[in-house]
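Novice: A single structure is presented below for examination.
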C-alpha cells in the first residue's frame, strides 16, 4: 500500500521501518531531512514538503504533541490544505481528546477522512512490528487503513466510529502505566529502607503477583537504576498525564491518582530528569525516602 508518513522521531522511524519491511511504500517527510534519507535504503521516497507527503490516499502522522500536530495539519501548506478529498489522515500520536475532536471536525468539513490510531509500545517494539494499535473512525476509512495498521503489530483494536474514543483509550492506558511505575517506585523505596532483599522482592512481585512484561521491564529499570537511555521520557509522561487530567476534567471525572502521578513527574523534571525514562520515578521515590541512588 502507498502512503505518506510525517514525523520521524524514535517512534516514527521505527514504525516507518516496520511498514517498509512488510512491503508498503512510503513517501516520508520530516523537518530534519537526514532522518528521511536514512530510510532510502529501505525503499522509502523522500517528500520535499508536507504537500508532497499528502499525494497518496493515506497520510500518517507520528508527532510529539498537540502543538506539532496542529502546525503540520493546519499550518500553511499543511495536511488540511494539501490532502485530497476522500483521502485519510491517520494520527498515530498521543494527543488530547480536544484536538482529536477538532481534527475530525475539520477534516470532515473539507471532505477528508480522519482516523485516530494511537499506539502502545516503545521504539524497539515499533521497529519490530510489535505495537498495539487502537483505531477509531468511520468504518470505511478504518478499513482502507487496515493493511498499514495491522502491519504495525499483532494487536489492532477498532474502538468505534468516533476518533476521539481511541485517544481516550490511549490516555487511559498511559495513566495506568504511570500509576504502576509510581506504585512500584514507592514499593521498592519501602522495601529498601526496611532491609528487604530487592532482588527477592522484584522476583516475587513480577512472578507471583504481577507476572506481566510491563511490571518486569519497569521493575527491573527501577531495581537497577537504569533510566538512560530513555525509551519514553519523563517529560513526555508528564505531557500525557496532563492530557489525562484535561480529558477527565472535561467529563467531570475525578482522578486523584493521576494528580499524584503528574506531581511526581513534575518533581522528576524539576530535579533535572526531564529526558530520563519515566521509570526515573524510582529515583524520586528513593530520594524522598532519604536513600542513596541505586546505581
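Novice: For the stretch 2-18, which positions are in contact with a strand residue (DSSP E or B) (Cβ under 7 Å, 6 or more places away or on another chain) and over 22 Å from residue 233 (Cα atoms)?
Specialist: Within the stretch 2-18, 2, 3, 4, 5 qualify.
Novice: Follow-up question, since we're still on this one. Would you please list the contacts, defined by Cβ atoms under 9 Å and residues six or more apart or on different chains, that run from a residue in the stretch 210-232 that is closer than 13 Å to residue 285 by Cβ to a residue that is surrounded by fewer than 14 Cβ atoms within 10 Å (Cβ to Cβ) and at pLDDT below 95?
Specialist: Qualifying pairs under 9 Å: 225/293; 225/295.
Novice: Related question: Can you tell me how many residues in the stretch 242-294 are part of a helix (DSSP H, G or I), under 22 Å from the mean Cα position of the chain (by Cα) and either within 19 Å of residue 220 (Cβ to Cβ) or touching a residue at least 12 places away in the same chain (Cβ under 8 Å) (or both)?
Specialist: To start, the set of residues in the stretch 242-294 that are part of a helix (DSSP H, G or I) comprises 242-250, 256-270, 278-288.
Going one step further and asking which of them are under 22 Å from the mean Cα position of the chain (by Cα), we end up with 242-250, 257-269, 278-282.
After this cut, where a residue has to be either within 19 Å of residue 220 (Cβ to Cβ) or touching a residue at least 12 places away in the same chain (Cβ under 8 Å) (or both) as well, the list is 242-247, 250, 257-262, 264-269, 278-282.
Qualifying residue count for the region: 24.
Novice: Taking the options 19, 28, name whichever one is part of a helix (DSSP H, G or I), in the same structural domain as residue 127 (by TED's automatic domain parsing) and under 21 Å from the mean Cα position of the chain (by Cα). Full working, then the answer.
Specialist: On the way: 28 fails: part of a helix (DSSP H, G or I).
Selected residue: 19, the only one of 19, 28 that is part of a helix (DSSP H, G or I), in the same structural domain as residue 127 (by TED's automatic domain parsing) and under 21 Å from the mean Cα position of the chain (by Cα).
Novice: From the list 204, 210, 232, which residue is within 22 Å of the chain's Cα centre (by Cα) and on the phi < 0 side of the Ramachandran plot?
Specialist: Result of the check over 204, 210, 232: 232.
Novice: Ok, one more. Which one is modelled with the lowest pLDDT among residues in the stretch 180-232 that are exposed (fewer than 15 other Cβ atoms within 10 Å of the Cβ) and touching a strand residue (DSSP E or B) at 6+ places or on another chain (Cβ under 9 Å)?
Specialist: 229
The values are calculated or read from the model by the stated rules, or taken from the named source; none is laboratory data. Here the structure is a predicted model, which is why all the values come from computation and not from measurement. All Cβ positions, glycine included, derive from the backbone under ideal geometry; neighbour counts span all protein chains shown.
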